[in-house]
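A short worksheet on the structure shown next.
The values are calculated or read from the model by the stated rules, or taken from the named source; none is laboratory data. Remember, predicted model here, so these are calculated numbers, not experimental data. Here Cβ is always computed from backbone atoms with ideal geometry, including for glycine, and neighbour counts include all displayed protein chains. Accessible surface areas use protein heavy atoms only, side chains included; no ligands, DNA or RNA. Shrake-Rupley method; radii C 1.70, N 1.55, O 1.52, S 1.80 Å.
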Amino acid sequence: MDPPVLDCLVVGAGPAGLTAAIYLKRFHRSVVVLDSGEARALRIDRSHNVPGYPDGVGGHELLERLRQQLYRFGGETVHALVSSIDLLADGGFCVQADGQQWRARFVLLATGSRDCDPEVPGMRAVWDRGLLRECPICDAYEHTGQRIVVVGADAHAVREALFLRHYSPHVLLLRVPPHNAQPLSADGQQQLQERGVRWQDARLSCAECDDEGVVLTLDSGESLRCAVLYSALGSRPRAELGRTLGATCDPKGDLRVDAHGRTDVPGLYAAGDVTGGLDQIAVAFGQGAIAATDIHNQL
C-alpha cells in the first residue's frame with residue numbers, strides 16, 4: 001500500500017526545521033521531520049544571544065528542548081538521511097531516505113550548511129574546548145578585549161576581522177594556504193590598516209590548547225598565542241536536494257526563497273541557513289514560523 005500523504009515533510013532537524021514542525025502540528029497538520037543528525041546547531045557549545053536564555057544555551061540542549069516541544073503536540077522525528085526527492089504528477093513529493101518512503105503535499109528544506117574548518121592537526125581539540133568559533137555575531141561579546149586570531153584570506157575574512165575589531169584591539173588576520181593564493185586587495189589592506197588590524201601570510205603546522213587559550217605553530221617555527229580562534233573560511237549550503245528539483249540558488253549557492261519561504265519549485269519551501277542571509281538561530285526560528293504558516297494557509 002502507498003504510504004499516507006503527509007501535509008508536509010520537513011528535511012532537517014535544526015532550529016528552523018523543528019520550529020516549522022511545531023507550528024504545523026499546532027495547526028493540526030500532519031508532519032514528519034527527517035533528521036540526519038548533522039544539524040549545524042550541534043556544533044554550538046554555548047550561545048549567549050538566543051532570546052530567552054540569559055545564561056546561554058548549548059546547541060544540544062536547545063535542539064532537545066525543541067524536539068520535546070514538538071513531541072508534546074504529537075510531532076515526529078525520524079533519524080534518516082534523504083537520498084532523493086521526486087516531484088509527483090499531482091504536484092506532491094515522494095521522499096526516499098534510508099530505505100523508507102514518504103509522500104507529502106509540501107516539503108520544507110531546512111538542511112542548513114557545513115562550516116569550513118581549518119584543516120590543521122590539533123584543531124579538533126581546539127573545537128572541543130569551544131575555542132574555535134565561526135560566528136562573531138553570536139559570541140564576539142564574550143571575547144571583548146581578548147587576543148583574537150582570524151583564519152581566512154578573502155574579502156569575507158577581512159569583513160570578519162573588522163567586525164571583531166569592534167570588540168578588541170588585538171585582532172590578527174592569518175592568511176593560510178590555499179586561501180592566500182591571491183594577494184590581499186589594496187582596499188582590504190587600507191581598511192585593515194585604518195582599523196589597526198594586523199595580517200600576515202603563513203602556513204599553520206598545528207594547533208593546541210592550554211589554560212590560557214590557543215597556541216598556533218607556524219611552519220616557520222613561530223608560535224602565536226590567542227584567547228580564541230575564528231574561522232573565516234565560510235560555509236557551504238546543503239542545497240543539493242533543492243537544486244536537483246530545479247530550485248534556483250544565488251551566487252553563493254544558497255536556495256532563493258521569497259518572503260514566505262517559497263522556492264521557485266511549487267510546493268517546495270526552504271528556511272534557515274540553506275537560504276543565506278543572516279545565519280542566526282533567532283532568524284531560523286522566524287523563517288521556520290513564516291514558512292510553516294504559509295504552508296498551512298496554502299493547505
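Which of the residues spanning region 64-88 are among the small types (Gly, Ala, Ser) and open to solvent by 30 Å² or more (accessible area, probe 1.4 Å)? Of everything in region 64-88, those that are among the small types (Gly, Ala, Ser) and open to solvent by 30 Å² or more (accessible area, probe 1.4 Å) turn out to be Gly74, Ser83, Ser84. Number of residues in region 246-267 that are open to solvent by 30 Å² or more (accessible area, probe 1.4 Å) and either in a loop (DSSP other than H, G, I, E, B) or aliphatic (A, V, I, L, M) (or both): the value is 12. Tyr167 satisfies every condition listed in (1) assigned to a loop (DSSP other than H, G, I, E, B); (2) closer than 30 Å to Ala270 by Cα except (2).
Of everything in region 23-63 that is among the basic types (Lys, Arg) and under 29 Å from Phe106 (Cβ atoms), the residue that is surrounded by the most Cβ atoms within 10 Å (Cβ to Cβ) is Arg40. The requirement of being over 24 Å from the mean Cα position of the chain (by Cα), within 22 Å of Val120 (Cβ to Cβ) and open to solvent by less than 30 Å² (accessible area, probe 1.4 Å) is not satisfied by Leu164. Taken as a whole, the structure places Thr217 among residues that are of a type in the set (Ser, Thr, Tyr), surrounded by 13 or more Cβ atoms within 10 Å (Cβ to Cβ) and touching a Cys at 6+ places or on another chain (Cβ under 7 Å).
Tell me whether region 187-196 contains one or more residues that are open to solvent by less than 60 Å² (accessible area, probe 1.4 Å) and under 21 Å from Tyr141 (Cα atoms). Checked against the condition, which is being open to solvent by less than 60 Å² (accessible area, probe 1.4 Å) and under 21 Å from Tyr141 (Cα atoms), region 187-196 yields at least one hit. Scanning region 268-299 for residues being charged (D, E, K, R), assigned to a helix (DSSP H, G or I) and within 11 Å of Gly112 (Cα to Cα) gives a total of 1. Restricting attention to region 89-145, the residues that are among the small types (Gly, Ala, Ser), assigned to a loop (DSSP other than H, G, I, E, B), within 30 Å of Ala21 (Cβ to Cβ) and open to solvent by less than 80 Å² (accessible area, probe 1.4 Å) total 5.
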